[in-house]
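The structure under discussion appears below in the form of structure tokens.
Derivation of every value follows stated rules applied to the coordinates shown; laboratory data play no part. Bear in mind that the values here come from a model prediction, so they are computed numbers and not experimental data. Heads up, the Cβs are rebuilt from the backbone with ideal geometry, glycines too, and the neighbour counts pull from every protein chain shown.
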Amino acid sequence: MAEVEKGKGKVKVFDSEEEVAVDLAKYTADISNKITKEKSSFTVVLSGGSLINSLRKLVEAPYIDSIEWGKWHVFWVDERVVPKDHVDSNYKLAYDGFLSKCVDDGELEYFCGTVARKKELTPLEFSDWRKVPATTKDKIWDVIKQWVLSEVGKCLRIFKHSLYAEYFNKYSTLVELKANPYSRTDPNQWSKLAEKWYSTQWQNKSERSKDIRSHMKMPHTSRTISYARRVEAEEKIEQLLIVDEEKGETSKANEAIVPLKEDAISKVLGPDKNGRVRGMGFKISPKMLEKEASEEQMNEPNKEFAQQVTILTAQVKKLTDIVTRRDGATTEEVAI
């Protein structure tokens, strides 16, 4: 490495990109540690391109454990107008490159705080946590365990997909892929994962996913909500139901909802697909709603027809009585 005078400053010249990454990591970590000791946050502004790759050493020893990642405020410049999970997204580039391996967003602490405030779970009358009954603690632990295991599963899935994206096309054969495991994985586990990637079942699944994504007119932006947001939504729904009951009204959530076919969104994106209705989420299909709507539409004409039959029957009876009185004939004869 050499330093060259340029104006009032100096320019560092390196012999290889590896030297750039090592020096940049040390430089960034030193500044981060200095600023976080003086202030509550450290602001980083990222662009795309080779910069993200050059920051890769930050998530390796000794920097990954020395930096206070929770105090980082990260911003992007020169971002492309694409979804965050798009291959051209600078956000995805940074997240996959190093942010996903180091950032602690405090979600676990937020989750525990939500559990502590949930009236159905945590009692308030005890002055000491040790005095809370074991049955109550078991109930709380079941909720925490279910959420944590779900999050671990989601993170593991994301981690494996990031490994596939980075390593699968990097090597031309299965043997070569097995011989170059990711440094933070067990070699035996890596070998099994590589074999799975090369399996016919995995490749078929990958091709189907690519085909589905190629036909998407708009990327998915929805995701599973956190425990805290779900609790907040449940509380709001409960409050709305109480208000409805006090007014003597039925919640609009219980009314039939028919999927729109001629609205502006449908004209652009096409009709709703099976298994998902915009605004209603998964497990609800257009056919389900259309069936309910068609049954209601069929019932309306039936009611009108029944009313007309009743009126006509009364008119026929009246005419029959008139003819019977005039001609002295029997009702049976007139009916014939």
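Roughly how big is the range 1-40's charge dipole about its Cα centre, with Cβ charges of +1 (Lys, Arg) and -1 (Asp, Glu), in debye to the nearest 20? Write out the running numbers ahead of the final one.
Details: 8 positive and 9 negative charges, 85 e Å.
So the magnitude is around 420 debye.
Name the long-range amide H neighbours of TRP72: under 5 Å, sequence gap of 5 or more, or other chain; modelled H, no Pro or chain starts.
PHE42
Regarding the range 133-192, what are the three Cα extents along the principal axes, ordered largest first, in Å?
58, 19, 15
Taking the simple approach of a point 7 Å from Cα along Cα-to-Cβ for both GLU60 and ASN188, what is their distance in nm?
The two pseudo-label positions are separated by 2.7 nm.
For the range 1-94, run through the GluC sites (Glu not before Pro) and keep only the ones in DSSP coil with at most 14 other Cβ atoms within 10 Å of their Cβ. Walk me through the numbers before you get to the answer.
Numbers: sites: GLU3, GLU5, GLU17, GLU18, GLU19, GLU38, GLU60, GLU68, GLU79; in loops: GLU60, GLU68, GLU79.
In loop regions of the range 1-94 (DSSP not H, G, I, E or B), the sparsely surrounded GluC sites (Glu not before Pro) are GLU68.
Would you tally the net charge around LYS92, using a Cβ to Cβ cut-off of less than 9 Å, leaving LYS92 out, and scoring K and R as +1, D and E as -1? Don't skip to the end; give the middle numbers.
On the way: positive: LYS84; negative: ASP85, ASP88, ASP96.
With Lys, Arg at +1 and Asp, Glu at -1, the net is -2.
With a cut-off of at most 16 other beta carbons within 10 Å, and DSSP calling the residue loop, which trypsin sites (Lys or Arg not before Pro) in the range 57-163 qualify? Please list them. List each step's numbers first, then the result.
Working: sites: LYS57, LYS71, ARG80, LYS84, LYS92, LYS101, ARG117, LYS118, LYS119, ARG130, LYS131, LYS137, LYS139, LYS145, LYS154, ARG157, LYS160; in loops: ARG80, LYS84, LYS118, LYS119.
Hits after loop and neighbour filter: ARG80, LYS84, LYS118, LYS119.
For the pair GLN308/THR122, report the inter-label distance in nm, with labels modelled 7 Å from Cα in the Cβ direction.
Label at GLN308, label at THR122, 6.5 nm between them.
If amide hydrogens are placed 1.01 Å from N in the peptide plane, which non-local residues have theirs closer than 5 Å to the one on LEU46?
Amide H neighbours of LEU46, under 5 Å, 5+ apart: PHE75, TRP76, VAL77.
Multiply the residue separation of THR135 and GLU38 by 0.36 nm, subtract the distance between their alpha-carbon atoms, and state the gained length in nm to one decimal. Walk me through the numbers on the way to the answer.
On the way: separation 97, 0.36 × 97 = 34.92 nm, distance 4.58 nm.
So the chain would gain 30.3 nm between THR135 and GLU38.
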